[in-house]
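Asks: One structure coming up, written as structure tokens, with questions to follow.
The values are calculated or read from the model by the stated rules, or taken from the named source; none is laboratory data. As the structure is a prediction and not an experimental result, all values here were calculated from the model. Backbone-built Cβ (ideal geometry, glycine too); neighbour counts: all protein chains shown.
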Ligand code: HDE
């Protein structure tokens with residue numbers, strides 16, 4: 001017999017009842033007196049009476065084509081997805097503000113840099129490059145770092161990465177690079193990984209990629225948090241002052257929390273434990289009021305300085321070491337608000353390097369020049385309309401008027417007859433519309449590059465672009481011994497995933513141009529003979545080391561923004577837990593309580609609920625761990641794989657471990673974890689918790 005949702009078969013239809021147990025009819029009736037927004041309607045504004053049942057010819061009969069409510073709902077759902085970004089598909093974003101702290105009107109007339117204290121709203125999206133939108137957050141990859149400044153003179157998009165150089169020198173190679181790193185064409189894997197044949201095949205044949213490869217194999221490519229990455233505009237840009245004078249410029253973001261990375265084994269395990277690790281970290285930090293911040297720096301220089309360098313500033317595979325040209329601070333970006341809706345904002349935001357404001361301009365970097373075409377084009381494909389600039393996240397916050405009209409999904413409703421220019425309608429008393437403004441409008445910098453051989457049409461690159469190894473060597477030699485070991489190990493790991501041996505050999509032959517010791521270590525790691533050195537188009541130079549390129553040389557451990565786990569179980573000493581928790585929070589960190597069960601546990605001195613269950617809160621998710629356990633609880637956990645793995649991983653990832661006597665006797669001793677500079681009694685834990693103990697690494701991992 002047919003059943004109504006409010007029929008006596010009631011319980012079977014519990015899901016059709018309102019929160020108070022009312023039937024949906026009762027909820028609807030209540031809604032008649034509720035505010036307008038509480039009514040469910042169709043997209044045409046028609047109130048929906050029943051959102052549980054489609055319209056049928058009899059309760060057990062076929063669904064009717066007439067059911068426009070059902071059809072509208074399913075139609076919209078069927079079209080929810082839009083094409084994901086071809087690169088940088090996986091991203092996380094936040095709103096924020098840029099405050100100018102050190103104005104540079106003498107260099108740029110851009111209004112956002114004009115006065116101290118000037119605030120400009122912005123939206124920043126971080127991303128991985130290779131994986132799809134649903135891929136994990138922690139692969140070895142470059143991270144996108146794209147900022148949209150809603151300035152009062154128009155939107156300026158600084159679309160950069162967390163690494164200051166790029167794989168290729170000319171836009172014409174970009175599709176090849178991306179095809180090679182993405183899932184292989186025939187088999188559709190691997191997802192979000194560079195450790196496969198086609199990527200290393202391309203790289204081995206493109207010596208210009210060697211500098212970027214050093215960065216990509218370094219710890220920079222496995223960041224601890226999006227909040228702990230530097231950002232770089234990469235290309236040389238131009239600043240232009242009010243008189244029209246131009247200065248070359250490179251943009252650098254430096255995070256207030258310092259740069260920090262994970263270790264590879266940790267990144268791999270995080271991918272399983274929390275695929276959204278970076279997205280969650282950013283979201284939670286902002287929700288908790290721990291607003292991440294970065295200072296924006298510029299490196300400014302003129303033609304004469306550029307001409308004095310042994311590399312070309314138009315070559316995006318080169319950087320200018322900070323020791324050679326000191327960066328100058330201009331302001332601070334603070335991310336202070338999470339998006340309200342992931343799709344509307346993070347997914348639909350459309351960055352374009354062509355979005356520029358008076359006072360900032362491009363250089364002839366051939367990679368940048370290609371990007372100036374590509375981004376507008378991709379937005380049309382992705383967002384489906386030339387009117388994508390009207391989406392709230394993309395729309396400028398300053399006035400916008402022109403005679404562009406119509407197109408798919410036009411939301412503006414322009415008034416009047418004027419949709420062309422010049423027009424004389426104003427003379428006839430009508431609205432003639434906007435006019436160009438030669439005085440304040442954007443004017444391209446009148447570039448006069450003396451080193452450009454007369455501007456003949458050629459398919460060539462600047463002579464110094466042929467130096468493929470000097471800066472790769474500079475980067476490698478500027479790292480600490482431990483960081484060099486990470487690079488050698490990453491290369492060994494990636495190349496060991498390459499099946500075609502000739503590809504590995506070719507890469508090894510290139511590494512010899514960077515550093516003989518590096519090449520020898522990787523060859524030994526692969527158990528392969530060292531091949532002959534690849535011929536170099538230009539002999540590499542030995543440049544002065546740049547300590548600024550190392551993470552470890554510049555890293556001061558800081559509790560601020562870090563997450564510390566405290567493991568407890570029944571009977572644990574609550575006062576001891578409270579003390580560590582308070583210490584962590586006082587220093588700006590977050591304490592996260594872990595126990596075998598998440599419900600309330602009885603402790604010595606009170607009761608406590610854990611924030612996370614042990615098996616679901618592995619130590620890879622934290623910066624340091626401490627354990628406060630009674631002997632019987634410790635003995636029980638010593639029989640549990642998740643608990644043992646918790647300590648082994650923290651130890652293996654060179655983290656600080658705080659222990660109580662029972663933890664030491666029952667668990668650490670069983671695991672063979674000896675106290676060292678970072679394995680300490682709980683009383684000494686807080687002082688060193690955020691540090692990583694790299695001295696330990698040779699004892700826990702075979703590095704190349
Ligand atoms: Fe991109 N890049 N790119 N890129 N790129 C895109 O634009 C492209 C390059 C970067 O969070 C796409 O909206 C070409 C360098 C970031 O939405 C696409 C070339 C740098 C983001 C595109 C480059 C970047 C993108 C894909 C070589 C660092 C994500 C979807 C000429 C300076 C922005 C989209 C976001 C996104 C093309 C090289 C950074 C296809 C052709 C170098 C951070 O248009």
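Asks: Go through segment 597-629 and give me each residue that's buried (at least 19 other Cβ atoms within 10 Å of the Cβ) and in a loop (DSSP other than H, G, I, E, B).
Replies: 610, 617, 618, 622, 623, 629, listed by residue number.
Asks: Please determine whether any residue of segment 361-373 is more than 15 Å from the ligand (Cβ to nearest atom) and modelled with pLDDT of 95 or more. First the steps, then the outcome.
Replies: The first filter runs over segment 361-373 and keeps only residues more than 15 Å from the ligand (Cβ to nearest atom), leaving 361.
Still in the list and also modelled with pLDDT of 95 or more: 361.
Yes, segment 361-373 contains a residue that is more than 15 Å from the ligand (Cβ to nearest atom) and modelled with pLDDT of 95 or more.
Asks: Taking the conditions exactly as written (modelled with pLDDT under 50, exposed (fewer than 14 other Cβ atoms within 10 Å of the Cβ) and touching a helix residue (DSSP H, G or I) at 6+ places or on another chain (Cβ under 9 Å)), does residue 19 satisfy them or not? Break it down into steps so the answer makes sense when it comes.
Replies: Details: modelled with pLDDT under 50: yes; exposed (fewer than 14 other Cβ atoms within 10 Å of the Cβ): yes; touching a helix residue (DSSP H, G or I) at 6+ places or on another chain (Cβ under 9 Å): yes.
So residue 19 passes the test.
Asks: Against the definition (touching a strand residue (DSSP E or B) at 6+ places or on another chain (Cβ under 7 Å), in contact (Cβ under 8 Å) with a residue 24 or more places away in the chain and part of a strand (DSSP E or B)), how does residue 584 come out, yes or no?
Replies: Working: touching a strand residue (DSSP E or B) at 6+ places or on another chain (Cβ under 7 Å): yes; in contact (Cβ under 8 Å) with a residue 24 or more places away in the chain: yes; part of a strand (DSSP E or B): no.
When the stated conditions are applied, residue 584 does not pass them.
Asks: Among the residues of segment 53-61, are any within 16 Å of the ligand (Cβ to nearest atom) and either out of contact with any helix residue (DSSP H, G or I) (no Cβ under 7 Å at 6 or more places or on another chain) or at pLDDT below 95 (or both)? Working first, answer last.
Replies: We begin by selecting, within segment 53-61, every residue within 16 Å of the ligand (Cβ to nearest atom); these are none.
So far as segment 53-61 goes, no, none of its residues is within 16 Å of the ligand (Cβ to nearest atom) and either out of contact with any helix residue (DSSP H, G or I) (no Cβ under 7 Å at 6 or more places or on another chain) or at pLDDT below 95 (or both).
Asks: State whether one or more residues within segment 667-683 are under 30 Å from the mean Cα position of the chain (by Cα) and either in contact (Cβ under 8 Å) with a residue 40 or more places away in the chain or surrounded by fewer than 18 Cβ atoms within 10 Å (Cβ to Cβ) (or both).
Replies: No, there is no match, as no residue in segment 667-683 is under 30 Å from the mean Cα position of the chain (by Cα) and either in contact (Cβ under 8 Å) with a residue 40 or more places away in the chain or surrounded by fewer than 18 Cβ atoms within 10 Å (Cβ to Cβ) (or both).
Asks: Now for a separate question. Report, by residue number, each residue of segment 144-172 that is near the ligand (Cβ under 8 Å from one of its atoms) and not in a loop (DSSP other than H, G, I, E, B).
Replies: 144, 145, 146, 159, 160, 161, 171
Asks: Continuing with this model, one more query. If you take the residues of segment 372-404 that are crowded, with 20+ Cβ neighbours inside 10 Å and assigned to a helix (DSSP H, G or I), which of them is farthest from the chain's Cα centre (by Cα)?
Replies: Taking the candidates together, the pick is 388.
Asks: Is it the case that segment 662-670 has a residue that's farther than 21 Å from residue 267 by Cβ and part of a loop (DSSP other than H, G, I, E, B)?
Replies: No, because not a single residue in segment 662-670 is farther than 21 Å from residue 267 by Cβ and part of a loop (DSSP other than H, G, I, E, B).
Asks: Still on this structure: Filter segment 110-131 down to the residues that are in a loop (DSSP other than H, G, I, E, B) and loosely packed, with under 15 Cβ neighbours inside 10 Å and list them by number.
Replies: The first filter runs over segment 110-131 and keeps only residues in a loop (DSSP other than H, G, I, E, B), leaving 110, 114-118, 129-131.
Selection gives 115, 116, 117.
Asks: Shifting gears a bit: In the list 349, 313, 324, which residue meets the criterion of being part of a loop (DSSP other than H, G, I, E, B) and within 11 Å of the ligand (Cβ to nearest atom)?
Replies: Values: 313 fails: within 11 Å of the ligand (Cβ to nearest atom); 324 fails: within 11 Å of the ligand (Cβ to nearest atom).
Just one listed residue meets the conditions, 349.
Asks: Another question, then. In segment 100-138, which residues are over 24 Å from residue 354 (Cα atoms) and either within 16 Å of the ligand (Cβ to nearest atom) or out of contact with any strand residue (DSSP E or B) (no Cβ under 8 Å at 6 or more places or on another chain) (or both)?
Replies: To start, the set of residues in segment 100-138 that are over 24 Å from residue 354 (Cα atoms) comprises 101-102, 115-117, 131-138.
The answer is 131, 132, 133, 134, 135, 136, 137, 138.
Asks: Another question, then. Going through segment 406-440 one residue at a time, which ones are surrounded by fewer than 14 Cβ atoms within 10 Å (Cβ to Cβ) and either closer than 30 Å to residue 84 by Cβ or in the same structural domain as residue 244 (by TED's automatic domain parsing) (or both)?
Replies: 406, 407, 408, 409, 411, 412
Asks: Something else about it: Looking at 589, 605, 658 in this structure, which one is in contact with a strand residue (DSSP E or B) (Cβ under 7 Å, 6 or more places away or on another chain) and without any contact (Cβ under 8 Å) to a residue 60 or more places away in the chain? Spell out how you get there, then give the answer.
Replies: On the way: 589 fails: without any contact (Cβ under 8 Å) to a residue 60 or more places away in the chain; 658 fails: without any contact (Cβ under 8 Å) to a residue 60 or more places away in the chain.
On inspection, the qualifying residue turns out to be 605.
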